[in-house]
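Since the structure comes first, as structure tokens, the remarks are kept for the end.
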Amino acid sequence: MPYIGVSPSNGVRQTYDYTATAGQTSFSGSDNNSQTLRYTDSAYIDVYQNGILLVPSDYTATTGTTVVLDTGATVSDTLQIVVYDVFSVADTVSASDGGSFGGNVGVGGTLSVTGNVISPITLAGTTPTLTIGDAGAEDTKIVFDGNAQDYHIGLDDSADTLVIGKGSALGTTTAMSFDANGIITKPLQPAFLAYASGYQNNIAVGSDVTVVFDTEVFDANADFASNTFTAPVTGKYQLQTTVRTQDVATASHYYYLQLVTSNRAYLSSIIDPRGFDADVGYLSMHMTVLADMDANDTAFVRIVQHSGTQQTDIQGGSSEYSTHFSGYLVS
């Protein structure tokens, strides 16, 4: 901003001293000290004649360079004109044009920013703290504005819950939630439980038989279909299954389960029924494995009856989940 009036190097007060000639009324130009009279506003000057302050009605000051007395001075009278000028304070940041602060800036009240705050930003001090919100009953959030996808971290004040999710709107697609008791839930974390609602009668002998899980109890990320779980992302998955059989043939050399993934197949303990005195009415088989799976890998369950009579059934039911398959993403 340009200065209004004299430069701040001259200060806000400038004194001009003149010695009058006989009857002199007009005073301008160079004074006794070779300073050229100038002023911005007649309201900001004081005129003294022989040390006595004149009232504005005793003189005229309109040109910015001349003071004219109403009554001519006596020879050798002293006329002192004191000019108070207006100027911009040095080393400032313009309100209209902006600028930069080179030193520390302290704000004792509220700081309101319109526009962007350019990074990097560092919170320093003994215990650096950033507080979002003012204890009012409103939701607060931080939005990460990405190129293709936004994410947010925010407080759902009505539920007293901290949430992390996709998108810029709070709570629309929550990936993780921390409630007031510190309990963490992950609504979108891959997890499923499916069971067999009916029987698979007389399973084939000497071949791999896929176990049918036709009913879902839950499927958090919609990753289970047609007896098969499909991994949505690469990771470690906890998988477990229980298969209840009935009419197990003692003539068969063995039975076992397979939990088959795209990377490898896992086998349960082998059950040899030949040691039983008679066919077994009911026999449950179990498997648990922590499997490494790539994105889009699949997992399903098979049962094998090596030999013997084709008579064994896989038992299902809607009231008791005797044959079921479940899993979830661990890491």
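The values are calculated or read from the model by the stated rules, or taken from the named source; none is laboratory data. This is a predicted model, so every value here is computed, not measured. Reconstructed Cβ throughout: ideal geometry from the backbone, glycine too, with neighbour counts over all protein chains shown.
Applying a threshold of 8 Å to beta carbon distances and a minimum spacing of six or more residues, or different chains, the list of pairs starting in region 251-273 at a residue that is touching a residue at least 40 places away in the same chain (Cβ under 8 Å) and ending at one that is of a type in the set (K, R) reads A251/R274; S252/R274; H253/R274; L257/R302; Q258/R302; V260/R302. As a summary of the residue check, V143 satisfies the conditions (1) in contact (Cβ under 8 Å) with a residue 24 or more places away in the chain; (2) within 28 Å of D223 (Cα to Cα) except for the one numbered (2).
Residues in region 233-250 include at least one that is at positive phi and touching a Gly at 6+ places or on another chain (Cβ under 8 Å). Residues that are surrounded by 15 or more Cβ atoms within 10 Å (Cβ to Cβ) and either in contact with a Ser or Thr (Cβ under 6 Å, 6 or more places away or on another chain) or not assigned by TED's automatic domain parsing to the domain that holds S307 (or both) within region 206-217 comprise just one, T215. Among the residues making up region 210-219, those that are in contact (Cβ under 8 Å) with a residue 40 or more places away in the chain and hydrophobic (A, V, I, L, M, F, W, C) are V211, V212, F213, V217. Residue by residue through region 248-299, note down the ones that are of a type in the set (F, W, Y) and under 16 Å from S326 (Cα atoms). Correct list: Y266 only. Inside region 195-206, residues that are part of a strand (DSSP E or B) and of a type in the set (A, V, I, L, M, F, W, C) make up a count of 0. For the subset of region 258-268 comprising residues that are under 43 Å from the mean Cα position of the chain (by Cα) and assigned to a strand (DSSP E or B), which member is surrounded by the fewest Cβ atoms within 10 Å (Cβ to Cβ)? Taking the candidates together, the pick is A265. The sole residue among G72, G64, G106 that is surrounded by fewer than 10 Cβ atoms within 10 Å (Cβ to Cβ) and either under 56 Å from the mean Cα position of the chain (by Cα) or under 30 Å from Y18 (Cα atoms) (or both) is G106. Within region 232-257, the residues that satisfy the criterion of being touching a Lys or Arg at 6+ places or on another chain (Cβ under 8 Å) and surrounded by fewer than 19 Cβ atoms within 10 Å (Cβ to Cβ) are T250, A251, H253.
So that you can scan it fast, the table gives a plain yes or no per residue for (1) surrounded by 12 or more Cβ atoms within 10 Å (Cβ to Cβ); (2) touching a strand residue (DSSP E or B) at 6+ places or on another chain (Cβ under 7 Å):
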| position | (1), (2) |
| --- | --- |
| A278 | no, no |
| V289 | yes, yes |
| D292 | yes, yes |
| T309 | yes, no |
| H324 | yes, yes |
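Could you please let me know if G275 is more than 12 Å from Y328 (Cα to Cα) and at pLDDT below 95? For G275, the condition - more than 12 Å from Y328 (Cα to Cα) and at pLDDT below 95 - is met.
Here F213, F192, F218 are screened, and the one residue that is part of a loop (DSSP other than H, G, I, E, B) and either over 20 Å from V330 (Cβ atoms) or touching a strand residue (DSSP E or B) at 6+ places or on another chain (Cβ under 7 Å) (or both) is F213. Every listed requirement among (1) closer than 23 Å to L193 by Cα; (2) at pLDDT 95 or above; (3) not in a strand (DSSP E or B) is met by Q310 save one, (1). The residues listed here are T62, T71; of these, the one that is in the same structural domain as S26 (by TED's automatic domain parsing), outside any strand (DSSP E or B) and either touching a Gly at 6+ places or on another chain (Cβ under 6 Å) or in contact (Cβ under 8 Å) with a residue 24 or more places away in the chain (or both) is T71. If you check V93 against the conditions, is it surrounded by 10 or more Cβ atoms within 10 Å (Cβ to Cβ), within 30 Å of G133 (Cα to Cα), aliphatic (A, V, I, L, M) and out of contact with any helix residue (DSSP H, G or I) (no Cβ under 6 Å at 6 or more places or on another chain)? Criteria met by V93.
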